[in-house]
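Engineer: Following this message is one structure expressed as structure tokens.
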Amino acid sequence: MAAGRTPSWLGDENAAHALASMIDDGPLSRNGIAGRINLSKQTAAQIVARLEESGLIAPAGEETAARGPAATVYAVREDVTYGVGVNVDQHGVQSSVIDVTGRRHTVARESAAGLTSERSAAKDVAHAVLRACKSAGVDLARVGHVCIGVPSSVDPRADELSSVEGLPGWSRRHVRQQIEDALGCRVRIDNDVNLAAVAERSTGAYGENATTALIWTGYGIGLALDIAGKIVQGSSGGAGEIGHLPVARRVVPGVEDDLDIEDVVGAAALEALAKEIGEPDLTFDRILAGEPLPTRLMEALAPRLAYAVIPVLGVIDPDFVVFGGPVGRAGGEALAEMTRVAIRNRTRWDPNVSVARVSEDPVLAGALELLRKDLREDYLARARRSGATNEAEEIERSLRAIR
């Protein structure tokens with residue numbers, strides 16, 4: 001027997017494999033478990049008893065057998081622990097509950113105007129968790145994981161945000177620690193564009209080993225690099241901050257000051273460009289509300305966007321360039337194609353440029369996708385051990401203490 005592979009270890013692994021099968025494929029009978037992971041019926045029965053005693057599975061009906069009595073099927077208990085995804089941006093806070101099967105509940109929303117005047121990271125997130133749980137009818141005590149998207153790069157080593165300009169009351173330092181101390185559960189914080197890239201990958205539209213560059217255009221511009229399903233964070237969480245890259249002055253005729261990419265494609269630049277081409281009523285707020293970009297504006301904007309994409313092509317040469325964010329959605333495939341042509345006319349590259357598939361709050365969708373994976377790992381870890389500490393009551397007390 002290999003070192004460490006004791007009967008106890010083997011029992012843990014078999015239990016985890018059986019539970020994983022039920023999470024991924026739905027309810028199974030004892031015989032179904034035996035066949036799925038190549039175990040004897042007696043061993044499968046022991047695993048079912050163990051998982052049921054641990055509170056991880058429960059009977060979920062019967063399956064009709066060709067001969068003999070109907071067999072009981074068992075399903076994963078979804079209420080063991082939940083995750084809450086939170087998207088905090090300039091407009092407010094969106095949050096939603098997800099369970100281990102991937103079922104997502106109703107999104108709870110609160111506008112920035114409706115948030116408490118004395119905001120902080122802990123208060124914003126705690127109230128978002130409370131709203132999401134109330135909307136879903138989920139017990140607060142069952143929240144074990146929270147994932148938060150913010151409009152800032154996040155340094156996980158220093159637990160520090162690069163900017164809190166769009167987050168009134170938030171501090172830049174020790175943010176994750178503040179929220180974990182307040183909520184009493186596991187917390188992860190990530191850049192909003194990175195989470196949008198996670199959501200985009202989950203659509204299955206890209207090959208397993210594909211490299212995808214998600215260009216997010218909104219108030220500013222950001223980049224998320226997905227290499228074979230791995231989001232590139234950088235040593236300090238700053239990978240993808242392309243808005244600060246300098247551009248040639250000739251990009252904006254008549255401007256003598258130094259410019260960066262955000263100066264030529266950000267919200268302020270977009271409104272100025274709209275006025276120049278005779279569309280003075282087109283504001284960024286109207287774009288946020290879903291108004292499409294006029295063709296004339298896209299023709300003027302595409303060469304500027306090309307300057308944002310070209311450095312990415314030179315360094316990464318991705319398989320796919322994907323436009324996301326409110327401006328990317330407003331321009332649609334027409335803007336993507338115009339940008340591709342502008343790049344082809346200026347460089348040796350002729351990239352595959354398209355529009356993001358996920359349109360309904362991709363930041364929240366990415367947070368929920370990460371939580372689904374976290375919950376799965378949590379359940380499997382519980383299946384591998386007995387007598388795990390239940391922190392549910394402490395979590396509930398922490399959440400309810402924040403008012």
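The values are calculated or read from the model by the stated rules, or taken from the named source; none is laboratory data. Fair warning: this is a prediction, and the values are worked out from it, not measured in the lab. Positions of Cβ are backbone-derived with ideal geometry, glycine not excepted, and every protein chain shown enters the neighbour counts. When the accessible area is computed, the model is the full protein with side chains, heavy atoms only, and any ligands, DNA or RNA have been set aside. Shrake-Rupley method; radii C 1.70, N 1.55, O 1.52, S 1.80 Å.
Engineer: Karplus couplings for segment 372-380 from phi (6.51 cos²θ - 1.76 cosθ + 1.60, θ = phi - 60°), rounded to Hz, Gly and Pro as x?
Structural biologist: With the stated coefficients, segment 372-380 comes to 4, 5, 4, 5, 4, 5, 4, 4, 5 Hz.
Engineer: Out of T217, V251, A182, whose Cα points farthest toward the positive end of the dipole of segment 175-268 (charges: +1 Lys, Arg; -1 Asp, Glu; placed on Cβ)?
Structural biologist: A182
Engineer: What are the extents of the Cα atoms of segment 166-297 along their three principal axes, listed from largest to smallest and rounded to whole Å?
Structural biologist: 53, 41, 31
Engineer: What's the longest uninterrupted piece of the chain once you rule out the GluC sites (Glu not before Pro) that are loop residues per DSSP with at most 13 other Cβ within 10 Å?
Structural biologist: Values: sites that count: E118, E165, E208, E256, E360.
The reported range is 1-117.
Engineer: In addition: With a/c under 1.5 counting as rounded, go ahead and sort the chain into rounded, prolate or oblate using the C-alpha gyration tensor (a ≥ b ≥ c being the square roots of the eigenvalues; past the cut-off, prolate if a/b is larger than b/c, else oblate). Write down the numbers at each step before the final one.
Structural biologist: Details: a/c = 2.43, a/b = 1.82, b/c = 1.33.
Prolate, because a/c is 1.5 or more and a/b exceeds b/c.
Engineer: Okay, next question. Using protein chains only and a probe of 1.4 angstrom, how many square angstrom of K373 are accessible, to the nearest 10?
Structural biologist: 100
Engineer: What whole-number value in Å² describes the accessible area per residue of the chain for a 1.4 Å probe?
Structural biologist: The answer is 47 Å² per residue.
Engineer: Also, I was wondering about something else. Between segment 118-136 and segment 248-282, how many Å separate their Cα centres?
Structural biologist: What the calculation gives is 38 Å, centre to centre.
Engineer: Can you tell me the length gained on complete extension of the stretch A60 to D281, counting 0.36 nm per residue apart and subtracting the Cα distance?
Structural biologist: Stretched fully, the A60-D281 segment lengthens by 73.8 nm.
Engineer: Which of rounded, prolate, oblate describes segment 262-372, given a ≥ b ≥ c as roots of the alpha-carbon gyration tensor eigenvalues and a/c under 1.5 marking rounded, otherwise prolate only if a/b is larger than b/c?
Structural biologist: Values: a/c = 2.03, a/b = 1.08, b/c = 1.89.
Oblate, since a/c reaches 1.5 and b/c is not below a/b.
Engineer: Summing +1 for each Lys or Arg and -1 for each Asp or Glu, what net charge is found among the other residues whose Cβ lies under 10 Å from the Cβ of G243?
Structural biologist: Taking every Cβ under 10 Å from that of G243, the sum is -4.
Engineer: Can you give the charge dipole size of the chain about its Cα centre, rounded to the nearest 20 debye, using +1 on the beta carbon of Lys and Arg and -1 on the beta carbon of Asp and Glu?
Structural biologist: The calculated dipole for the chain is roughly 1100 debye.
Engineer: Let me ask you something else. Whole angstrom only: what separates the Cα centroid of segment 315-386 from the Cα centroid of segment 207-241?
Structural biologist: Computed from Cα coordinates, the inter-centre distance equals 8 Å.
Engineer: Quick one: grab the alpha carbon gyration tensor of segment 1-106, order the square roots of its eigenvalues as a ≥ b ≥ c, and give me rounded if a/c is under 1.5, else prolate or oblate depending on whether a/b is larger than b/c.
Structural biologist: Cα axes put segment 1-106 in the oblate bin.
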